[in-house]
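For reference, the structure is listed below as structure tokens.
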Amino acid sequence: MSCCHYYAPDSTGDTAFSIDVAAITYGAGSLREVGDYARDLGMTRVALFTDKVIGALEHLPIVRDSLGAAGINVALYDEARVEPTDDSFRAAAKFASEGNFDGYVSVGGGSVIDTAKAANLYATYPADFLTYVNAPIGGGVAVPGPIKPHIACPTTCGTGSECTGIAIFDLLEMKAKTGIVSRHLRPTRGIVDPETTRTLPRNVIAASGFDVLSHALESYTAQPFTQRDPAAWPSQRPQTQGANPWSDVGCLEALRLLGSSLEQAVTDEDDHDARANLMFAATLAGIAFGNSGCHLPHGMSYSVSGLVRDFRPDGYPDHEPIVPHGMSVIVNAPAVFRFTAEACPERHLKAAACLGADTGGAGLEDAGEVTAGRIIELMKATGVPNGIGGVGYGEADIAALTEGSFPQKRLIDNAPRDVTREQLGDLYGAALRYW
Ligand SMILES: [Zn+2]
């Protein structure tokens, strides 16, 4: 079975795929170019988004000076929250609405970039907060049109948020993560400067690196776009459109870079090349999953992070418990890929080989085990928690975890196999511990 077979036409499925990408600037020192790009986009008064931690590092003055040198007026918003909530999005939207801005610049991890996307949206098209939030949790109303230009400058090598039209947050009253998805939310340009990763703590590199790994592996093994029902209008084709040949290219290269560099990037803070490789992999995977979509590890992660009790990892602000996004994803991944392998074993084997697994002699029936085994090896080597048990969950939590993630239809339906509620519960059971 060849790769092309994966995209064999299906009598009821879609027949084309659409690729939307942010413009990207990549390179050491590129943060100094933000001002020039902002001016070129016609920005004169910019809302500069960051959080308190990033705001204290050297990146922010570089961006601020660059904007100033370009003659752009800047108002700073440093209240973005790590793992944003509906409250923190609302506060950011209020700032944006009152500021009369004609452009946005975000400097930070995915949380900061997502916050700027949401603030830009609600300042441009004011509405009740749940209006644009994914159904069934929110109204699922389509974003009416383009929003203001936004330059996103990621400072962690994970989320790829600079490449996607997705903004994720915790809806506090439901203790669930959900999001707003629209191609109009995609930043106008991503400025990706690998120098920003040099000062990141080890645990932050590990969590963001595994987020990239899962973006690439999930996009590559997602259901093929040819098996998704066509959208009523081609222009409404979802970003989560399923695996496609374009996304495959980015996924495979991202997996190769991760296979060779993830462990070194985490364990050797002086290995700047390894960290730069992760940053590039994050961008490639971001372009890929922004046009194919993730599936079960991300769908399951929402309740793993949303129901957190008292897990406080090193390297993160310790005033409240948190399961960082990448950790909440990867703890599910080995169980998921053991389960999904039977749908597309060649793809699992190929991905595992890119990640550095020894696939010599492995048959199609071994695909799930080989893939899971390599992920587990990398988890152990980089000190990430051992399954959902490692971030504080036990057998008794499985029902609540399942309840929280089963409604994530956008992601669950993008898996290469159908998943019942009972099977989802079994996956959490299988994810309790791996070694
Ligand atoms: Zn992610």
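Key figures
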read-out: Any strands (runs of 3 or more DSSP E) falling wholly within region 61-169 and containing at least 3 residues that are surrounded by 20 or more Cβ atoms within 10 Å (Cβ to Cβ) and among the hydroxyl-bearing types (S, T, Y); value: none
read-out: Complete set of residues in region 288-314 that are outside any helix (DSSP H, G or I) and within 14 Å of the ligand (Cβ to nearest atom); value: G290, S292, G293, C294, H295
read-out: Residue list for region 276-287, filter: of a type in the set (G, A, S), within 15 Å of the ligand (Cβ to nearest atom) and closer than 21 Å to P201 by Cβ; value: A281, A282
read-out: Residue list for region 1-24, filter: of a type in the set (A, V, I, L, M, F, W, C) and either within 25 Å of W233 (Cβ to Cβ) or at pLDDT 90 or above (or both); value: A8, A16, F17, I19, V21, A22, A23, I24
read-out: Pick from region 202-248, criterion among the small types (G, A, S) and open to solvent by 20 Å² or more (accessible area, probe 1.4 Å), ranking: nearest to A274 (Cα to Cα); value: S235
read-out: Unmet criterion (only one of (1) within 16 Å of the ligand (Cβ to nearest atom); (2) among the aliphatic types (A, V, I, L, M); (3) in a strand (DSSP E or B)) for A207; value: (3)
read-out: Region 318-330 - residue that is within 19 Å of G209 (Cα to Cα) and assigned to a loop (DSSP other than H, G, I, E, B) and, of those, nearest to the ligand (Cβ to nearest atom); value: P324
read-out: Only one of E263, E269 that is open to solvent by 10 Å² or more (accessible area, probe 1.4 Å) and not in a helix (DSSP H, G or I); value: E269
read-out: Filter result (part of a helix (DSSP H, G or I) and open to solvent by 30 Å² or more (accessible area, probe 1.4 Å)) within region 336-369; value: R338, F339, E342, A343, E346, K350, A353, L364, E365, D366, E369
read-out: Test: residue in region 172-183 that is in contact (Cβ under 8 Å) with a residue 24 or more places away in the chain, more than 21 Å from S88 (Cβ to Cβ) and more than 14 Å from the ligand (Cβ to nearest atom); value: yes
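The values are calculated or read from the model by the stated rules, or taken from the named source; none is laboratory data. Quantities reported herein were computed from a predicted structural model and do not represent experimental measurements. We place every Cβ from the backbone using ideal geometry, glycine too, and count neighbours over all the protein chains shown. Side chains are part of the model used for accessible areas, which takes the heavy atoms of the whole protein and leaves out ligands, DNA and RNA. Shrake-Rupley method; radii C 1.70, N 1.55, O 1.52, S 1.80 Å.
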